[in-house]
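Since the structure comes first, as structure tokens, the remarks are kept for the end.
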Amino acid sequence: MRPANAHPRPEQEPSPEGPAAGGATLAAIARAAGVSAPTVSKVLNGRADVAPATRTRVEALLRQHGYRRRRSPAQQSRMIDLVFHELESSWAMEVIRGVENVAREEGLSLVLSESAGRLMPGQTWVDGVLARRPAGVILVLSDLDAAQRAQLTSRNIPFVVVDPAGDPGDDLPSVGTTNWQGGLAATRHLLELGHTRIGVIGGPSRMMCSRARIDGYRSALEAAGVPVDPELLREGDFHHEAGHAAGMELLRLPDRPTAVFTGNDLQALGLYEAARELGLRIPEDLSVVGFDDLPLARWVGPPLTTVRQPLTEMAEAAARLVLDLGRGRRPAATRVDLATTLVVRHSTAPRRN
């Protein structure tokens, strides 16, 4: 028996919850993984100083043999990690506002990260999260691969995705909006005003929200018996410059569109600029519908007709969902879609003969 005043050996860590009866020992898992027992202990106890490939290999063996880390709320930081693929627009500010509202109510801090345009954060970010041990992680227009999800799950760090870039599946908690319905409503509005030459400037095709909006546009045209003209379809990147470039292409066509639906408000502003440069008036010569309903949509001239997606409310819902998951509460649904609404202002008008 060790004397009461003896110090534990350096490689010892807080005890994990062990495997089911008959499971492998940590030493056996270390041999199978080709690493030392202290390395297995580091992985099991959430230490960040382990190579990603080694961590993935050891975690797979730990799960296979029924090991899991004991919950330890005292080790959790009083913060929420909020991760964007890009952090440069007023769109991001609406999301930050929503998460901050909930964080303030809960007495939590907010940590912001950006993945430099990538739809999946890198391992360096994951290691930072494991070291910080936040109350939860919210990813915006991003995703995690299977290994990253397993790493966060093994440390009891809950995560939620806002507006997933791809299909989140049933096992990934997410909050989105009715993108297809929004694209449908925007296009129907233009059809009801008599427009049939309706162009579209979508977002990146790799993003699920962008594809859903374009699908709604197509569905509205098809339901009205209006053929979808590939010449009127352009792909953007959700930035002002893309709206301007695609707008110049569309508005210089011999049979130009009389109306355009843009995949977001920033691209609509780029289209406004293209129309001014070509001497076209909005809405007299060109009707425009955006998507998002950012505050700037009310300030431009003319004020922009747009599809409102409730960004602040989506962020609030994501923050509450991730905190509930961290507290062991299983919500009725882990996929939440909030409704879009068409906001009619002064950038759309009946087609002129």
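Would you mind telling me the antiparallel percentage of the DSSP bridges in the chain, rounded to 5? Given both bridge residues lie in the chain, the antiparallel proportion sits at roughly 10 percent. Placing unit charges on the Cβ atoms of the charged side chains and taking the dipole of the chain about its Cα centre, the candidate lying farthest along the positive direction among THR56, THR305, THR196 is THR56. Looking at the stretch 197-323, the DSSP beta bridges with both ends there are about 0 percent antiparallel. Taking amide H atoms as placed 1.01 Å from N in the peptide plane, the amide H of LEU286 lies under 5 Å from those of ARG281, each 5 or more residues away in sequence or on another chain.
Under 15 Å from a point placed 7 Å out from the Cα of ARG351 along the Cα-to-Cβ direction: which residues of the stretch 246-283 have their backbone N that close? Within reach of a label on ARG351, which here means backbone N under 15 Å from a point 7 Å along Cα→Cβ, the stretch 246-283 contributes 255-261. Of the residues ALA220, SER77, LEU342, the one whose Cα sits farthest toward the positive end of the charge dipole of the chain, with +1 on the Cβ of Lys and Arg and -1 on the Cβ of Asp and Glu, is SER77.
Distant-in-sequence amide contacts of THR177, defined by a placed amide H-H separation under 5 Å and a gap of 5 or more residues or a different chain, comprise LEU338. Calculated mean residue ellipticity at 222 nm for the chain: -12000 deg cm²/dmol, from DSSP H runs with n ≥ 4 weighted as -39500 (n - 2.57), summed, divided by the residue count and rounded to 500.
Over the C-alpha atoms of the chain, the Rg to Rh ratio, Rh being the Kirkwood estimate, stands at 1.12. A 1.4 Å probe run over the protein chains yields, for the chain, 45 Å² of accessible area per residue, whole-number rounding.
Rounded to the nearest 20 debye, the dipole size of the chain about its Cα centre is 1480 debye, using +1 on the Cβ of Lys and Arg and -1 on the Cβ of Asp and Glu. Projecting the Cα positions of ALA268, VAL175, VAL289 onto the charge dipole of the chain (unit charges on Cβ atoms of Lys, Arg, Asp and Glu, taken about the Cα centre) puts VAL175 furthest along the positive direction.
The values are calculated or read from the model by the stated rules, or taken from the named source; none is laboratory data. Here the structure is a predicted model, which is why all the values come from computation and not from measurement. Backbone-built Cβ (ideal geometry, glycine too); neighbour counts: all protein chains shown. The protein model used for the area step is the full one, side chains on, heavy atoms only, and it has no ligands, DNA or RNA in it. Shrake-Rupley method; radii C 1.70, N 1.55, O 1.52, S 1.80 Å.
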